[in-house]
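The values are calculated or read from the model by the stated rules, or taken from the named source; none is laboratory data. Values in this document were obtained by computation on a predicted structure and should not be read as measured data. Heads up, the Cβs are rebuilt from the backbone with ideal geometry, glycines too, and the neighbour counts pull from every protein chain shown. Accessible surface areas use protein heavy atoms only, side chains included; no ligands, DNA or RNA. Shrake-Rupley method; radii C 1.70, N 1.55, O 1.52, S 1.80 Å.
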Amino acid sequence: MNDKVINIASNQEKYTLEIKNKLMNMLHDNGYKCSEKFNPKAELNITIGGDGAFLRGVRDSRFSKIPFVGINTGTLGFYPEITPENMEKFIEDYKNGNYTTNQVNLIESEIYKNGCTEKLYAVNDIIIKRKDMKTIHLNVYIDSNHLQTISGDGLIISSPMGSSAYNLSAGGSLVYPSLKTLQIMPLSPIISNAYRCLNCSIIVPPQFEVKIIPERRDDYFITLLADGVPYEIDGLEYVSFRTSKKVIKRLTTGTYNYWNVIKEKFL
């Protein structure tokens, strides 16, 4: 009989490590083999921690098609839905097939620099700022139409799931996950006689591409933060964003109600 493998990824907090050891013992007693390194032949990915641990587990797996579920030992815990007290029930539900999986669309960005291109993906958001954190000037195009030059601290490009993260703190809108949109949120836009910038978010349908072009040469030294992970890019010509066809699968053992989660976590 082949081993039933489950990948385990966690942060290094003391309490989290205690829960990880307890979970691994429980899974072993139920006939599962745990892998603390990503195993592409596993049937499930379990992250232990908060939202950061969940997003890091997704990125470290290179956005694996294996379903993800999180155990929350953090503070907010928007993605991980299982509490340490409910681990035994979760394992029983999982063994009996009492779960569903939902697809989460990723943000896909294509970076053009020095005649070369590379792609970058994110679950929550991608943030554009200058590497030296000074004011940045960005030309925003939606579906090849120039919208505006936005000057300020930068831009957030968020997914519906990511709309409740940095985007919400910056004054953006909550977007229901099934809408599959992108949201553009200016960060501290300058509004003066010299600069007239949008001071609200823009929600873009999935068939439209968003293209961002730095206006000034000193804005070419850019930092992109994909789900909080920084990527320094020199010589940026432009970067485009779209709702990706690539998805991850999120496993749930209950009836996921977005508005209940919003109420519980934020209100």
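Points 7 angstrom from Cα along the Cβ direction at VAL261 and LYS95: gap in nanometres? Roughly 2.7 nm, to one decimal. Treating each Cα of region 165-209 as an identical point scatterer and summing with the Debye formula, the log10 of I(q)/I(0) at q = 0.18, 0.22, 0.26 Å⁻¹ comes to -0.60, -0.79, -0.95.
Two decimals, Cα atoms only, Kirkwood Rh: what is Rg/Rh over region 4-162? Let's see the in-between values first.
Values: Rg = 19.4 Å, Rh = 18.0 Å.
Dividing the radius of gyration by the Kirkwood radius yields 1.08.
For the pair GLU85 and ASP218, the difference between a 0.36 nm per residue extended length and the Cα-Cα distance amounts to 42.7 nm.
Is there a pair in LYS41/LYS89; LYS22/LYS89; LYS65/LYS246 whose C-alpha atoms are over 19 Å apart, and which pairs would that be? The pairs that break the limit, which is 19 Å between Cα atoms, are LYS41/LYS89.
A 1.4 Å probe run over the chain, with the rest of the protein chains in place, finds 50 Å² accessible per residue. Count charges around TYR238 for me, please; just the other residues with Cβ under 10 Å from its Cβ, Lys/Arg as +1, Asp/Glu as -1. Net charge around TYR238: 0. When the trypsin sites (Lys or Arg not before Pro) in region 9-49 are filtered for DSSP coil states and for at most 16 other beta-carbon atoms within 10 Å of their beta-carbon, the remaining sites are LYS37, LYS41.
For region 75-157, what % of the accessible area comes from carbon and sulfur atoms, probe 1.4 Å? Write out the running numbers ahead of the final one.
Numbers: 1580 of 3860 Å².
Ligands and nucleic acids excluded, carbon and sulfur give 41 percent.
Between region 1-62 and region 199-225, the C-alpha centres lie 36 angstrom from each other.
Can you classify region 178-243 as rounded, prolate or oblate using the Cα gyration tensor, where a ≥ b ≥ c are the square roots of its eigenvalues, rounded means a/c under 1.5, and otherwise it's prolate if a/b beats b/c and oblate if not?
Oblate, since a/c reaches 1.5 and b/c is not below a/b.
The equivalent ellipsoid that matches the C-alpha gyration tensor of the chain spans semi-axes of 38, 19, 16 angstrom, in descending order. The HN-Hα couplings worked out from phi for region 107-113 by the Karplus form 6.51 cos²θ - 1.76 cosθ + 1.60 (θ = phi - 60°) are 8, 10, 10, 10, 9, 10, 8 Hz, whole numbers, x standing for Gly and Pro.
Shape descriptor for region 136-191: Rg over Rh equals 0.99 (Cα atoms; Rh from the Kirkwood inverse mean 1/r).
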